[in-house]
Every structure is written in C-alpha cells, then in structure tokens.
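Every read-out reported here was derived from the displayed coordinates using simple, explicitly stated rules and does not represent laboratory data. Keep in mind it's a predicted model, so treat the numbers as computed, not measured.
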Amino acid sequence: MRTFMAAAAFAALTWSAGAVPQAGHAAASTPAKPTVHVVKMLLTPDGKYRFEPAAITIKVGDTVQWVNVSGGPHNVSFYPNKIPSGAADLLNAQMKNRIANLQGELLVSPNQTYDISFAGMPAGQYDYFCTPHEMLGMKGTITVTK
C-alpha cells in the first residue's frame with residue numbers, strides 16, 4: 001500500500017510540474033532542414049554542354065549544389081533581367097568567390113562543387129547559364145517556391 005501511495009504522490013508531483021504534456025498542448029516541432037539539390041555540369045558523349053537537370057523547383061531556404069562532372073571549366077551565372085525583383089543583391093551575397101556581378105567562380109577540377117543557399121530569396125524563376133558555354137546552350141532554370 002505504501003508503494004502505491006508513494007507512486008501516486010510522485011506521479012501527482014510530476015504531472016503538476018509539467019513533465020507530462022497537458023491535453024490540448026502540441027509537442028514542439030523541429031523545423032524541416034533545408035534540402036540540398038544537386039545539379040551536374042556536363043559535357044555529354046555527343047558533345048553537348050548542359051546542366052542536369054536543366055530545370056529544378058526548390059523551396060525558399062534550400063541550397064543548390066552544382067558539381068563539375070565533365071567538360072569544365074564551368075560556372076553559374078544568373079541573367080540580371082531573368083531573376084525576381086530584389087534577388088540580385090541577395091544572390092551576390094550568397095555567391096562565394098564571384099568573378100563578376102551574378103557570376104560564380106570557375107570550377108576547373110572534376111567533382112569541384114559550388115553551392116548557393118536560397119535562404120531569404122524571393123520566390124520566382126531564376127534563369128542561369130555557364131559563362132564559358134552559354135553560346136553552346138548550357139542554361140538552366142531554378143523555380144523557387146515558398
């Protein structure tokens with residue numbers, strides 16, 4: 001009997017101290033981690049330069065990682081007139097080792113990567129290209145959603 005009473009008293013103290021969630025209160029949720037989307041930079045066996053995939057859809061806060069697979073040097077450059085209003089300064093801030101406005105560094109080694117976080121970026125369409133291979137059709141599109 002004493003054991004039962006002690007257990008009941010302990011349970012009452014624990015519950016009153018808030019150790020057990022009260023009815024109607026949701027447990028704290030952990031925010032989802034941003035997703036990293038990988039885009040390959042390629043020279044295909046038939047001699048075409050491309051991003052694979054050429055078009056992706058991501059959420060605000062996600063990161064895009066480009067990987068130089070073949071045919072480099074490659075880079076990521078955004079068309080200033082083909083990005084959402086207000087995005088240029090944010091993109092420039094996220095683009096490490098830029099070689100010019102909205103132009104990322106050249107990736108010369110196989111498996112070299114270039115990451116851009118889209119945290120805080122406006123939703124919309126971001127058209128981009130590889131500076132050395134733009135005229136050969138190496139272009140891509142990122143659609144950012146909320």
Please give every one of the lysines within straight-line cross-link reach of K33, meaning a C-alpha to C-alpha distance under 30 Å, and leave out same-chain neighbours fewer than 8 residues apart. K59, K82, K96, K139, K146
Gyration tensor (Cα only) of segment 34-145 to equivalent ellipsoid, semi-axes in Å sorted down, yields 21, 14, 13
